[in-house]
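**Q** Dumping the structure here so I can ask a few things about it.
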Amino acid sequence: MEDRFKNIKAFAFDVDGVFTDGGILADLNGELYRTFDAKDAFGVRMAAMQGYPLAVITGGRSESIRRRFKTCGIEPEDIYLGSRAKIEDFNDFCTRHGLKAEEVMYFGDDVPDIPVMIVCGCGVCPADAVDEVKAIADFASPRSGGKGCVRATLESVMRLQGRWVLDIEDYKRMF
C-alpha cells in the first residue's frame with residue numbers, strides 16, 4: 001500500500017457515507033442536514049495547505065455541501081454537485097489539473113463510486129461501505145464514514161510523503 005500512497009498527488013471524495021455516516025435529516029421545507037466530523041475537515045485543510053488538488057464528487061445537490069467544502073479549501077469549480085456519472089466529473093477534475101487518474105486517491109462508499117474507484121490510483125472506502133465497494137477498494141479504512149475515515153487516510157498519505165506539516169501562519173491566512 002505504501003507504493004500507492006507515495007504516488008498520490010490529489011484527492012477526490014464522495015460525501016454521504018464518507019464524510020458523513022450517511023444519515024440525512026430533512027425539515028418540512030425539504031432542507032437537508034448532514035453531520036460532518038471536524039477531524040476529517042482538518043485533514044482536508046492540511047491537504048489544501050500542502051497544495052494537493054482536491055475535489056468533491058457527490059450525488060447530493062444541496063448548496064450547503066458547496067459551502068462546507070469551500071471552508072476546507074476546496075475550490076468551487078472542484079465541487080461537483082448532483083453528479084450522476086461520477087467518472088465524467090472525475091475525468092474533468094483530472095484534465096483541469098493535469099493529473100493522471102492513477103495519481104488521484106478517491107474515497108467512495110457506494111455503487112455509484114465504483115467506476116471511479118476502478119480507474120483511480122487508490123480507491124479508499126470506509127469500514128461501513130457496501131460490499132461491492134469493499135470488494136474493489138484498494139484500501140478499506142478501519143474507520144466508518146463520518147467517523148474519521150478521511151482524516152486518518154489523508155494523514156497516513158501525507159506523513160508517508162513528508163507533507164503532514166502544520167504551518168500555523170498558512171493556516172491562519174487560508175482559514
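**Q** Roughly how many debye, to the nearest 20, is the charge dipole of the chain about its Cα centre, given +1 on each Lys and Arg Cβ, -1 on each Asp and Glu Cβ, and no other charges?
**A** 520
**Q** Can I ask one more? Using amide H atoms built in the peptide plane, which far-off residues or other-chain residues are under 5 Å from T20 H to H?
**A** For T20, the qualifying residues are G146.
**Q** For the chain, which whole-number percentage of the solvent-accessible area (1.4 Å probe, protein heavy atoms only) is attributable to carbon and sulfur atoms?
**A** Carbon plus sulfur share of accessible area: 49 percent.
**Q** Using a probe radius of 1.4 Å on heavy atoms only, what accessible surface per residue do you get for segment 1-89? Whole Å² is fine.
**A** Each residue of segment 1-89 exposes 49 Å² on average to a 1.4 Å probe.
**Q** What ranking do 73-81, 159-167, 114-122 get when scored by the average of other Cβ atoms within 10 Å per residue, highest first?
**A** 114-122, 73-81, 159-167
**Q** Using only alpha carbon pairs under 8 Å that are at least six residues apart, calculate the relative contact order of the chain and give it in whole percent.
**A** Taking the mean separation of contacting Cα pairs over the length of the chain, I get 29 percent.
**Q** Find which of V150, V130, I87 sits farthest along the positive direction of the dipole of segment 1-154, computed with +1 on the beta-carbon of Lys and Arg, -1 on that of Asp and Glu, about the Cα centre.
**A** The listed residue farthest towards the positive side: V150.
**Q** Here is a further query. List the residues whose amide H sits under 5 Å from the amide H of V56, counting only those 5 or more places along or on another chain, with H placed 1.01 Å from N in the peptide plane.
**A** F13, I79, Y80
**Q** Then there is this: Name the residue from G51, G108, L25 whose Cα lies farthest towards the positive end of the charge dipole of the chain, charges +1 on Cβ of Lys and Arg and -1 on Cβ of Asp and Glu.
**A** G51
**Q** Another one. Where a ≥ b ≥ c are the square roots of the eigenvalues of the C-alpha gyration tensor, would you call segment 47-149 rounded, which needs a/c under 1.5, or, failing that, prolate if a/b is larger than b/c, or oblate?
**A** It is rounded, given that a/c, with a ≥ b ≥ c, falls under 1.5.
**Q** Would you kindly calculate the mean projected area, averaged across all directions, of the convex hull enclosing the Cα atoms of the chain, in square nanometres?
**A** Mean shadow area of the hull around the Cα atoms is 9.5 nm².
The values are calculated or read from the model by the stated rules, or taken from the named source; none is laboratory data. Since the model is a prediction, treat every value here as computed from it, not as a measurement. Cβ atoms come from the backbone with ideal geometry, glycine included; neighbour counts cover every protein chain shown. Only protein heavy atoms, including side chains, enter the accessible area calculation; ligands, DNA and RNA are left aside. Shrake-Rupley method; radii C 1.70, N 1.55, O 1.52, S 1.80 Å.
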